[in-house]
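The values are calculated or read from the model by the stated rules, or taken from the named source; none is laboratory data. Since the structure is predicted, the reported quantities are computational estimates derived from the model, not experimental observations. Positions of Cβ are backbone-derived with ideal geometry, glycine not excepted, and every protein chain shown enters the neighbour counts. Ligands, DNA and RNA are excluded from the accessible area calculation, which covers all protein heavy atoms including side chains. Shrake-Rupley method; radii C 1.70, N 1.55, O 1.52, S 1.80 Å.
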Amino acid sequence: MRTLGIPACSREVYSALALVWLVAMGALGAGPTHAASQCTGSDPRAWVADTARDARICLSELRERGIAVCDRQICKELNTWKDKPRPELAVESTRMLKMIRDSVDQSLPASTDAGPKFSREIDRWLLEMAMSSRADLARDSGGPYRSEPVQGWNYDAAAHTLFTGKPNEIRVGDALERECGTPASCAAALKSGAEVVTHAAMVQTVASALLKDLRQQGAEHVDLLDKRWKSYLESARFQYPWELAINDRRYKTAGGGGLVSPPEDQVIFLHPSVAVRYNTQGGTRFQPTLLLELLGTYRWKWNGGDQSNQYGGSIVMSWTDAASEKKPGWGAMAHFKNNWSIGFVRHGSPSGDKTSLILSADLAKLFEDKDHVESTLKKLLKSAIQ
Amino acid sequence: MKQTIFLVHGMGNHPEGWAKNEGFIDAITKAYNQYEYLAKTPIEQRFDFVPINYDNVFVNLVNTWASNAKMISALAGEVGAPQAIAKLTGWLEGAGELKGNFAWTHAADVLLYRGFRLVRERVCTSVANQIVSVVNKNRKQHADWNWSVIAHSLGTAVTHDTFARIGAPNQGWPGQLAYSAPNEQAQVVMMVANVSKVLEVKTDEEPYDAYGRRDNDGDLVTTLAPGYGGQKGRSCRYYVNVRHKLDPFTIPKMFNPLDWPDRDSLLAKPPRYVFNEIEHIHDANVHDFGHYFKNPDVHVPLFQRLLTPDAISPDEYQQAKDKFRKFGTLGEDAALAIRKKLLDSLPAGNSTWMDLGAIYKEFFK
């Protein structure tokens, strides 16, 4: 010490100083052993935690990150496999599950029950698959390739359990409470928990991928139904509230509930609308006309998300601004696609009964913009009068 | 990998961008940032908020009625049509006006939704499409991705009814296997000011009892209920139900099932179903989502189930409750005056959905 320029002290003094330093470091939670909870690195197998709470938070964060950050070879293989088309997917699913099972056996220590429980669940599924036939691969409805509950492999980070409610339930939270008495055993329990989370996500990937085509078909089906309902209520012939009430009461489905398709017909009742009358007998040719459809029907078939083969008819009354005519006119209209209708009305006048052609469009449905509708109607009326 | 949280609005006018513009996301963010562990990670790095839009269904209907009614009124006088025709549609003329037109923007939403199956199916199919399209897209990338729903007021009934339709057994639609529990479950469904019971429809064609119904074996078949991961018929893993004691909309046929959906769910740690009643008064509008969400008894159970209970420790939870002022900045006198007014006008528990219109009128006058 003298040669280094450090004042000479007794061995006892240096020992006391070292002891004080160690105690101080221990109080600060740092020191020569290891840092407090550390779960920010990319490999959860290297994480450590001092307390059960910290360990649970680490696992919750691992769950949040998901399998997307898994850089193991098996995860890379899963990532490639899951994008394959369905027949290959199903055929190779047993190989993927066996790989995961082998990884579980290597990763989870025999000292815990998590490994055996996890392996038993995979084995159960593998056995069901082994008992199935080639035909099961092609079945839409399921079979063992698709009947495995995807969410049964979801690690519940709120409860820190896997296989909840099953005989092989893995209670990671309980294991952490038991083991986190010392840093070393806590780190080991955390590592074990991380392996449970990671491998659960792997199997969930397998189960989920086997349903991907059904998921896609389901999404397309809901989208189609959405288009139909939008068409029915928003772009087809509109219904006044009382008509909606009548058609609502008429609407029946097979029963049992679920996502349903809209009707393929409408009753028309006391439906006022604006039309244009073409006067074939001379005088002003195009005249704005108020129509009242007393009773009618409109029918169609659904073709994908669109209406097709639309047709219908109504009994109508009409009023036109013509002082010389007896009001109202009576007639009938036929309805066609794109909400266009054409018909005839017969109305009296001092010179005898006259017949006029009427043409109506569901103008409010033809355009989206209400102001556009009004300005268009005004132009239509103006041109009709001139 | 961010969790997705679908936000489902209630009655009233909610155009595109509503979740941001009406402060839903702000309310959630503000609550989130109160807690040390949560605040370390910006909320937008943890959650993707996806606002669900269904108000357009009501808006399109009433606007169509209004625009046609105006045309009819304009023309009826010119052509000498009987007054009766103008009267037939005249009452619809105001339907499209949004400002100061509470009857059409609020009460009509409920009447249209509950009164017309055709409207209900339209709304639920639209909501189902919005949710299913996001689920389909995200599951392609991440099998272990989680999603949740936070619904408010009328949105609670819409959420319940949509889940019920997606998961209805034996309907045979192509997505039934993929989108029903046990293959698809929300992590959390949170119902704020839950009106799914008072607005429930339980017929043979719409068997969507709010609590579920018993099958021939006496087992409870639920429409939207929590269960463990992969449990058949349980569309979510956690269900958080909150109501304000003075919120009149939550009183008629209050959603308050006992021993629901089963003992195992209630005994789970954390419990899969939680029902919290709150009574703070920071504003007269105790029905408002933001008013609800600032209360720790509302947002803490949610965050704990979205992530982990350790995200907010028991001590932190208690500290938040101790710090939360019952009357906010109102002052005791003003708050007690609001309380008295609300108490005096609380509806009867056996009121029906048809009484909700009168409740709205009284509450918002």
> Check A:E264: other-chain or 5+ apart residues with amide H under 5 Å from its amide H, H built from backbone geometry?
Replying inline: none
>> Taking amide H atoms as placed 1.01 Å from N in the peptide plane, list the residues 5 or more away in sequence, or in a different chain, whose amide H sits under 5 Å from that of A:Q38.
In response: A:V48, A:A49
> What FRET efficiency would be calculated for the residue pair A:N79, B:V221, taking the C-beta separation as r and a Förster radius of 51 Å, to the nearest 0.05?
Replying inline: 0.85
> Which ³J(HN,Hα) values, rounded to whole Hz and listed in residue order, are derived for the stretch A:339-347 from phi using the Karplus coefficients 6.51, -1.76 and 1.60 in 6.51 cos²θ - 1.76 cosθ + 1.60 with θ = phi - 60°, glycine and proline given as x?
Replying inline: 6, 8, 9, 9, x, 10, 10, 10, 9
> Going out from 0 in 10 Å bins, what whole percent of all Cα-Cα distances in the stretch B:182-234 drops into each bin?
Replying inline: 22, 47, 30, 0
> Lys/Arg Cβ at +1, Asp/Glu Cβ at -1, dipole of the protein assembly as shown taken about the Cα centre: which of A:S192, B:V158, A:S147 is farthest positive-ward?
Replying inline: B:V158
> Rounded to the nearest 0.05, what FRET efficiency is calculated for B:N56 and A:D306 with R0 set to 30 Å and r the Cβ-Cβ distance?
Replying inline: 0.95
> Semi-axes of the stretch B:284-359's equivalent ellipsoid from the Cα gyration tensor, sqrt of 5 times each eigenvalue, largest first, rounded to whole Å?
Replying inline: 30, 19, 9
> Among A:74-80, A:157-163, B:219-225, how do they line up from the highest to the lowest mean number of other beta-carbon atoms within 10 Å?
Replying inline: A:157-163, B:219-225, A:74-80
> Taking amide hydrogens as modeled 1.01 Å from N in the peptide plane, which residues meet the under 5 Å criterion relative to B:H244, leaving out close sequence neighbours?
Replying inline: B:A193, B:I278
>> Can you find, among B:Y273, B:V201, B:A95, the residue sitting farthest towards the positive end of the charge dipole of chain B, where Lys and Arg contribute +1 and Asp and Glu -1 at Cβ?
In response: B:Y273
> Dipole magnitude of the stretch B:1-117 about its Cα centre, charges +1 at Lys/Arg Cβ and -1 at Asp/Glu Cβ only, in debye to the nearest 20?
Replying inline: 220 debye
>> Here is the link list: B:K202/B:K340; A:K166/B:K253; A:K117/B:K140; A:K117/B:K137. Which ones come out longer than 30 Å on Cα distance?
In response: B:K202/B:K340; A:K166/B:K253; A:K117/B:K137
> Under unit Cβ charges (Lys, Arg +1; Asp, Glu -1), what dipole magnitude, rounded to 20 debye, does the stretch A:38-104 have relative to its Cα centre?
Replying inline: 240 debye
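I'm checking a number: the convex hull volume of the Cα atoms of the protein assembly as shown, normalised per residue, in Å³. What is it?
That works out to 217 Å³ per residue.
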>> Quick check: pseudo-label points 7 Å beyond the Cα along Cα→Cβ at B:E277 and B:K137, how many nm apart are they?
In response: 4.2 nm
> Relative contact order, percent, of chain B when contacts are C-alpha pairs under 8 Å separated by at least 6 residues?
Replying inline: 16 percent
>> Using only the alpha-carbon atoms, what does chain B span along each of its principal axes? Please give whole angstrom values in decreasing order.
In response: 74, 58, 41
>> Through the Karplus equation 6.51 cos²θ - 1.76 cosθ + 1.60, θ set to phi - 60°, convert the phi angles of the stretch B:269-281 into ³J(HN,Hα) values in whole Hz; use x for Gly and Pro.
In response: 10, x, x, 6, 10, 10, 10, 10, 10, 10, 8, 5, 10
> Within 10 Å of each Cβ of A:240-252, how many other protein chain Cβ atoms are there on average?
Replying inline: 4
> Once you put a point 7 Å from the Cα of A:I315 and another 7 Å from the Cα of A:Q106, both along the Cβ direction, what distance in nm separates them?
Replying inline: 8.3 nm
>> Using the Cα centre of the protein assembly as shown as the reference point, and only Cβ charges (+1 on K/R, -1 on D/E), how large is the resulting charge dipole? Debye, rounded to the nearest 20.
In response: 1120 debye
> Quick one: with all protein chains in place, what share of the accessible area of chain B is carbon or sulfur, to the nearest percent (1.4 Å probe)?
Replying inline: 51 percent
> Which of the residues in the stretch B:309-335 show a loss of at least 20 Å² in accessible area from their chain by itself to the complete set of protein chains, at a probe of 1.4 Å?
Replying inline: B:D310
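Rounded, prolate or oblate, given the Cα gyration tensor of the stretch A:59-106, with a/c below 1.5 counting as rounded?
oblate
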> So how far apart, in nm, are the two label points at A:R299 and B:A39 if each is 7 Å from Cα heading toward Cβ?
Replying inline: 6.8 nm
> Taking +1 at the Cβ of each Lys and Arg and -1 at the Cβ of each Asp and Glu, which of A:V345, A:N168, B:I28 sits farthest along the dipole of the protein assembly as shown towards its positive end, judged by Cα position relative to the Cα centre?
Replying inline: A:V345
> Using θ = phi - 60° and the Karplus curve 6.51 cos²θ - 1.76 cosθ + 1.60, what whole-Hz ³J(HN,Hα) does each residue of the stretch A:82-92 get, with Gly and Pro shown as x?
Replying inline: 5, 8, 6, x, 4, x, 5, 4, 5, 4, 8
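B:A348 to A:Q216: FRET efficiency via 1/(1 + (r/R0)^6), r the Cβ-Cβ distance, R0 45 Å, to the nearest 0.05?
The formula returns an efficiency of 0.40 here.
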> Which whole number gives the average count of other chain Cβ atoms within 10 Å of the Cβ atoms across peptide B:298-307?
Replying inline: 2
> When Cβ neighbours within 10 Å are restricted to other protein chains, what is their mean count per residue of peptide B:53-61?
Replying inline: 2
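At 1.4 Å probe radius, can you tell me the per residue accessible area of the stretch B:101-191 in Å²?
21 Å²
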